[in-house]
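Input: a single structure, listed below in structure tokens.
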Amino acid sequence: MIGVDADLYRMKTLANFINGQYVAPLEGRYLDNFNPATGELFARVPDSGPEDVEAAVQAAQAAFPDWAALPPDQRHDILRAVSDGISANLDRLAEAETIDSGKTLHTSRTVDIPRAALNFKFFATALLHFASESHQQPGALGYTLRQPLGVVGGISPWNLPLYLFTWKIAPALAAGNCVVAKPSEVTPYTAYLLGEICQQAGLPAGVLNIVHGLGPRAGEAIVRHPLVKAVSFTGSTRAGAEIARIAAPMFKKLSLELGGKNPNIIFADCDYEKMLNTTVRSSFANQGQICLCGSRIYVERPLYEKFKRDFVERVKALRVGDPFDSASDQGAVVGKAHFDKVMGCIELARQEGGTILCGGEPAPQSAPLDKGWYIRPTVIEGLPLQCRTNQEEIFGPVVTLQPFDTDEEALALANGVGYGLSATVWTNHLQRAHRFAAELQAGIIWINCWLLRDLRTPFGGVKQSGVGREGGWEAMRFFMETKSVTLG
Ligand code: NAD
């Protein structure tokens with residue numbers, strides 16, 4: 001077991017993980033970190049600056065030659081040991097994730113932490129099978145040489161903290177790079193614990209460096225550093241644009257996984273029970289704080305009233321409460337600022353003329369949870385496509401409903417926003433399913449399912465949802481430089 005903290009609930013001071021050691025931020029500045037379930041302060045997080053990033057980059061640069069030269073089977077063994085270490089610490093990491101983020105312990109135990117372990121396992125194996133192309137022509141042989149970049153940066157958000165942090169780190173390390181990574185300042189705890197797991201797994205000092213702090217300070221210092229050759233970022237479209245603005249003139253490789261406003265299109269010919277069960281999940285899993293949640297639900301008119309009645313009944317029955325209570329379906333949203341933002345979005349929907357079918361208010365709890373940040377799952381109807389509620393990302397437990405009459409109308413509604421991350425279609429009409437897969441403006445399409453992920457498949461969005469793809473070989477190739485070699 002991890003021995004850093006004797007008591008998960010005791011107030012703690014986190015540290016950066018640089019060159020294989022836990023170290024305090026050089027300027028001694030810290031940020032407050034709150035437990036969203038209780039609203040209580042529970043950790044102090046390094047407010048790192050450029051000098052901490054400099055130390056991390058120098059450690060990564062020094063570690064790079066040996067790590068890149070390590071035979072693949074040895075690199076595999078170390079990354080596999082990190083995966084095993086995450087699995088061995090499932091209980092502790094799941095509790096830490098829940099205290100930090102407010103998500104239910106069930107979600108942390110069954111989704112976040114197992115997936116973090118799988119990310120390392122998957123890319124540990126991928127590196128053993130990675131191969132590159134060769135092309136023959138009369139009298140000449142060309143081959144594609146793919147080499148690690150050197151030092152790369154990873155910046156991740158708060159909604160799936162360890163899951164998305166490792167989704168960047170694991171392929172970067174597997175490809176032979178050394179990493180400087182920053183988790184969200186809102187949910188830094190499991191990333192902090194990962195340092196010790198890496199130590200125990202035998203990851204050489206400097207190969208992975210974890211720097212905590214704010215986006216515009218520590219995050220931007222990673223993006224700006226001349227030795228950081230590529231940045232893999234997941235977060236808001238606003239921050240992604242800022243990162244692109246800084247990195248583009250430096251010609252850095254960029255992978256940007258950004259916001260979404262995903263449509264969920266339901267046809268009357270769908271498998272109704274499966275669709276209903278999944279739509280409750282795809283709307284409100286993790287309090288609606290998954291970039292892939294469907295936030296705009298479009299229902300074919302003959303099914304609309306029945307769906308509305310059944311859906312609202314199911315949503316009203318969701319229990320919002322203590323994330324550690326196995327009876328809770330929904331925990332707290334991640335923090336006060338986000339609570340205020342989501343409540344503001346609900347107020348805006350009212351002002352825009354929306355009808356609140358259920359929710360629309362905080363979900364008060366009794367002590368000791370009475371200062372936590374809980375919101376009732378909210379369903380709204382009666383709003384046009386062009387209003388802000390249907391155009392802007394809310395990223396909370398809020399969905400809108402709208403009927404449609406034709407395939408063309410459904411496509412126009414689905415595609416009529418600036419985002420293009422994912423889309424879900426419910427139909428048993430094969431040709432329609434293929435047509436929608438081809439014509440929907442999104443990087444990820446689910447037909448008659450949601451959130452089924454195969455780690456070999458490309459993952460990413462179009463339009464304001466980002467550029468680049470993660471997953472499988474796409475991620476391995478992103479973290480490598482490509483050379484074309486021809487032998488005459
Ligand atoms: P955010 O953009 O505020 O922060 C994400 C990370 O970027 C944090 O670590 C933050 O410190 C850092 N950051 C912020 N500004 C920065 C800057 N100028 N330079 C460098 N780093 C900076 O996002 P968030 O609120 O943490 O996360 C929610 C957002 O993430 C939502 O928009 C959601 O859709 C998106 N998201 C997208 C995906 C995806 O795969 N497309 C997955 C999860 C979340």
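The values are calculated or read from the model by the stated rules, or taken from the named source; none is laboratory data. The structure presented is a predicted model; accordingly, all values stated were derived computationally and were not measured. For neighbour counting, all protein chains shown are included, and Cβ atoms are generated from backbone atoms with ideal geometry for every residue, glycine included.
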**Q.** Scan of segment 401-419 for residues that are surrounded by fewer than 23 Cβ atoms within 10 Å (Cβ to Cβ), out of contact with any Phe, Trp or Tyr (no Cβ under 7 Å at 6 or more places or on another chain) and not hydrophobic (A, V, I, L, M, F, W, C), ordered by number
**A.** Asp405, Thr406, Asp407, Glu408, Glu409, Asn415, Gly416, Gly418
Q. In segment 213-222, which residue that is within 26 Å of Gly461 (Cβ to Cβ) and surrounded by fewer than 23 Cβ atoms within 10 Å (Cβ to Cβ) is nearest to the ligand (Cβ to nearest atom)?
A. Gly215
**Q.** Selection from segment 253-295 of residues that are more than 14 Å from the ligand (Cβ to nearest atom), part of a strand (DSSP E or B) and either crowded, with 24+ Cβ neighbours inside 10 Å or aromatic (Phe, Trp, Tyr) (or both)
**A.** Pro263, Asn264, Ile265, Ile266
Q | Enumeration of residues in segment 468-488 that are assigned to a loop (DSSP other than H, G, I, E, B) and farther than 16 Å from Phe130 by Cα | A | Gly468, Arg469, Gly488
Q.
Among (1) surrounded by fewer than 17 Cβ atoms within 10 Å (Cβ to Cβ); (2) free of Cβ contacts under 8 Å to residues at least 40 places away in the same chain, there is one condition Ser108 misses while meeting the rest; what is its number?
A. (1)
Q) What number of residues within segment 388-423 are farther than 20 Å from Met343 by Cα and in a loop (DSSP other than H, G, I, E, B)? A) 6
Q) If you check every pair at least six apart or on different chains, which have Cβ atoms under 9 Å apart with a residue in segment 125-147 that is in contact (Cβ under 8 Å) with a residue 12 or more places away in the chain first and a residue that is exposed (fewer than 14 other Cβ atoms within 10 Å of the Cβ) and among the acidic types (Asp, Glu) second? A) Leu128/Asp73; Gly142/Glu133; Tyr143/Glu133; Thr144/Glu133
Q. Residues of segment 445-467 being over 21 Å from Leu128 (Cβ atoms) and assigned to a loop (DSSP other than H, G, I, E, B), which ones?
A. Asn448, Cys449, Trp450, Leu451, Leu452, Arg453, Gly460, Gly461, Gln464, Ser465
Q: Being within 23 Å of Pro157 (Cα to Cα), at pLDDT 95 or above and β-branched (Val, Ile, Thr) narrows it down to one of Ile78, Ile99, so name that one.
A: Ile99
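When you check Ile394 against the structure, is it more than 16 Å from the ligand (Cβ to nearest atom) and either of a type in the set (A, V, I, L, M, F, W, C) or in contact with a His (Cβ under 7 Å, 6 or more places away or on another chain) (or both), yes or no?
no
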Q. Across segment 164-203, what is the total count of residues that are within 11 Å of the ligand (Cβ to nearest atom) and in contact with a Ser or Thr (Cβ under 9 Å, 6 or more places away or on another chain)?
A. 11
Q.
Can you tell me which of (1) crowded, with 23+ Cβ neighbours inside 10 Å; (2) touching a helix residue (DSSP H, G or I) at 6+ places or on another chain (Cβ under 7 Å); (3) closer than 29 Å to Ala337 by Cα; (4) of a type in the set (A, V, I, L, M) is the one Leu385 doesn't meet?
A. (1)
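Determine whether Ile210 is closer than 30 Å to Ile394 by Cα, modelled with pLDDT of 95 or more, within 16 Å of the ligand (Cβ to nearest atom) and touching a Pro at 6+ places or on another chain (Cβ under 8 Å).
The answer is yes for Ile210.
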Q) When you go through (1) assigned to a helix (DSSP H, G or I); (2) farther than 21 Å from Ile266 by Cβ; (3) touching a Gly at 6+ places or on another chain (Cβ under 7 Å) one by one for Gly372, which number turns out not to apply? A) (1)
Q. In segment 296-324, which residues are without any contact (Cβ under 8 Å) to a residue 24 or more places away in the chain and over 29 Å from Ser366 (Cβ atoms)?
A. Glu305, Lys306, Arg309
